[in-house]
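This report concerns only the one structure given below.
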Amino acid sequence: MPQQVEILIIGAGPAGAVAAALLRQQGRQVLVIEREQFPRFSIGESLLPQSMAYLEQAGMLKAVVEAGFQFKNGAAFMRDGCYTDFDFRDKHSAGWGTTYQVQRADFDHVLAKEAERFGAEVRYRHEVLDVELARPQGGSRVTVKAPDGANYQVDAGFILDASGFGRVLPRLLKLETPSNFPVRGAIFTHIEDGIRGAGFDRNKIRVTVHPKHCDVWFWTIPFAGGRCSLGVVAETSFLDQYQGTPTERLRAIVGEEPSLLALLAEAKWDTPARQIVGYSANVEKLWGPGYALLGNAGEFLDPVFSSGVTIAFKSASLAAAALQRQFAGETVDWQADFGAPLRKGVDTFRAFVESWYAGGFQRIIFHDKQQPEVKRMISSILAGYAWDQSNPFVKETPRRLAALEALCTPT
């Protein structure tokens with residue numbers, strides 16, 4: 001007979017783990033199906049301070065603080081030898097101004113173990129194969145493959161898809177729609193960075209713009225212990241110009257940016273680089289009868305502002321609140337209570353991502369006469385507070401951003 005569960009979560013990554021912990025605190029029965037065995041590699045290592053509020057809400061903050069990750073208090077930007085930075089403690093929005101830069105294999109494992117501590121059952125190396133939604137008998141039936149290859153079924157009262165780039169329900173239900181972003185790719189690795197001296201702030205992610213192409217950029221994310229995550233993001237037509245292994249291609253592109261090349265002069269490239277292509281994704285809708293999509297399973301914009309984990313946590317928090325009301329017998333409007341508010345912040349991030357690649361936001365942050373209050377408003381968004389309606393750049397994102405771009409554009 002199929003196992004009966006109140007809530008089935010697909011994926012034990014950040015969105016799934018936080019959702020599981022929140023739902024267990026409500027007393028719900030939670031089963032998490034995870035395809036991989038943790039710890040496992042994942043990209044997206046630089047958190048935003050807004051994330052800390054959701055970790056605190058989920059009861060996971062102590063475990064994360066005690067894990068020994070690299071402290072983070074802001075973001076730095078380099079272009080043509082010009083440097084600027086944002087201290088997230090100096091921001092418009094109330095709330096956390098610091099966070100961490102994490103090796104995701106360790107971070108995700110910490111969160112998954114915390115979800116288990118709260119009483120969620122996590123099944124590693126189990127894979128969802130099929131879903132039958134909104135059955136006449138009630139709930140949904142999920143077909144799962146166990147590690148030994150045998151299939152079994154689970155009847156769930158509600159499904160949360162937190163499968164990340166696996167995008168299980170969007171694939172099975174044909175919910176995927178094309179992203180409006182060009183097809184971009186990333187080549188990345190972890191290295192022993194060898195950075196010495198006081199010229200590099202390890203408490204900040206550094207984003208470096210390619211000297212000849214404003215839509216090509218590098219990330220340098222310091223970890224505790226002298227290692228860092230290093231990657232380049234560009235349209236695939238740019239990346240395809242370079243030959244060799246992913247490591248050879250990444251080193252060749254890094255060699256074109258003098259400040260980054262000098263910064264990493266003593267680095268040991270001890271981990272083979274990887275590449276992902278076409279990561280931006282969208283869906284027709286974020287919810288439906290008996291399910292909701294969390295984090296990257298619903299939509300992924302771009303890595304430039306490290307918004308992925310924050311959006312994942314926000315979606316988990318919204319979904320858990322809606323499910324609490326639904327299990328209490330209330331009628332829940334999933335569009336009003338989940339879909340619309342989630343997209344509001346995503347659309348704020350989207351506007352800034354589009355402006356970054358068009359060059360407008362780069363003109364803003366490298367402008368030599370920045371207004372302190374405006375900088376604090378922008379700092380809030382870069383810190384993840386993309387849902388704070390008291391911030392004019394959230395409440396009226398396109399208009400405010402366009403006006404500031406025009407002000408910072410040379411005549």
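The values are calculated or read from the model by the stated rules, or taken from the named source; none is laboratory data. What you see is a predicted model, and the numbers here were worked out from it, not measured in a lab. Glycine gets a Cβ as well: all are built from the backbone with ideal geometry, and neighbour counts include every protein chain shown. Quick note on the areas: whole protein, heavy atoms, side chains included, nothing else; ligands and nucleic acids left out. Shrake-Rupley method; radii C 1.70, N 1.55, O 1.52, S 1.80 Å.
Computed FRET efficiency, Cβ-Cβ of ASP240 and LYS268, R0 22 Å: what is it to the nearest 0.05? E(calc), rounded to 0.05, equals 0.20. Evaluated with a Cβ-only charge set (Lys, Arg +1; Asp, Glu -1), the stretch 1-129 carries a dipole of roughly 180 debye about its Cα centre, given to the nearest 20.
Would you mind getting me the FRET efficiency between ALA63 and ARG196? Use the beta-carbon distance for r and R0 = 22 Å, nearest 0.05. All intermediate terms of the calculation are to be shown ahead of the outcome.
Numbers: r = 32 Å, r/R0 = 1.46.
After rounding to 0.05, the efficiency reads 0.10.
Using a probe radius of 1.4 angstrom, the carbon and sulfur fraction of the accessible surface of the stretch 1-159 is 46%.
In order along the stretch 92-97, the phi-based Karplus estimate (6.51 cos²θ - 1.76 cosθ + 1.60, θ = phi - 60°) of 3J(HN,Hα) comes to 6, 7, 6, x, 4, x Hz; Gly and Pro are listed as x. Comparing LYS72, LYS314, LYS113 in a Gaussian network model of the chain where C-alpha atoms under 10 Å apart are linked, the largest mean-square fluctuation is found at LYS113.
Going down the list LYS113/LYS204; LYS72/LYS174; LYS204/LYS369; LYS72/LYS268, which pairs span over 32 Å between their C-alpha atoms?
Listed pairs above 32 Å: LYS72/LYS174.
Summing charges over neighbours of SER380, with a neighbour being any other residue whose Cβ is under 14 Å away from its Cβ, gives +2 when K and R count +1 and D and E count -1. Note that the stretch 202-208 has calculated 3J(HN,Hα) couplings of 6, 8, 9, 5, 10, 10, 10 Hz, one per residue in order, obtained from phi through the Karplus relation 6.51 cos²θ - 1.76 cosθ + 1.60 (θ = phi - 60°); glycine and proline are x. Once the 1.4 Å probe is applied to the protein heavy atoms, the stretch 199-343 comes out at 38 Å² accessible per residue. Counted residue by residue at 0.36 nm each, then reduced by the alpha carbon distance between them, the extension gain from LYS369 to LYS285 reaches 26.1 nm.
Along the charge dipole of the chain, which of ALA63, GLY244, HIS367 sits closest to the positive end, that is, farthest toward it, with unit charges on the beta carbon of Lys, Arg, Asp and Glu (+1, +1, -1, -1)? Of the options given, the answer is HIS367.
The percentage of C-alpha pairs in the stretch 124-192 whose separation is greater than 18 Å is 54%. Remind me, relative contact order of the chain in percent, using alpha carbon pairs under 8 angstrom and six or more residues apart? Result for the chain is 21 percent. Given points 7 Å out from each Cα along the Cα-Cβ axis, report the ASN203 to TYR152 separation in nanometres with one decimal. Going from the ASN203 label point to the TYR152 one covers 4.9 nm.
Normalised by residue count, the stretch 1-158 yields a Cα convex hull volume of 159 Å³ per residue.
Rounded to whole numbers, the Karplus 3J(HN,Hα) couplings from phi for the stretch 29-34 are 7, 10, 10, 10, 9, 10 Hz, using 6.51 cos²θ - 1.76 cosθ + 1.60 with θ = phi - 60°, and x at Gly and Pro. Separation of the stretch 39-60 from the stretch 112-191 is 20 Å, based on Cα centroids. Secondary-structure-derived ellipticity at 222 nm for the chain, considering helices only, amounts to -9500 deg cm²/dmol, per-run term -39500 (n - 2.57) for DSSP H runs with n ≥ 4. Based on alpha carbons, the Rg and Dmax found for the stretch 357-399 are 10.6, 28 Å.
Computed extension gain for GLN335 through ARG123, at 0.36 nm per residue and net of the alpha carbon distance, reaches 73.3 nm.
Once fully extended, how much extra length lies between VAL277 and THR409, figured as 0.36 nm per residue of separation less the alpha-carbon to alpha-carbon distance?
Separation in residues times 0.36 nm, less the Cα-Cα distance, equals 44.3 nm.
Solvent-accessible area of the stretch 344-388 (1.4 angstrom probe, protein heavy atoms only): carbon and sulfur portion equals 51 percent. The H on the amide N of ALA75, modeled in the peptide plane, is under 5 Å from the matching H of PHE86, PHE88, each at least 5 residues off or on a different chain.
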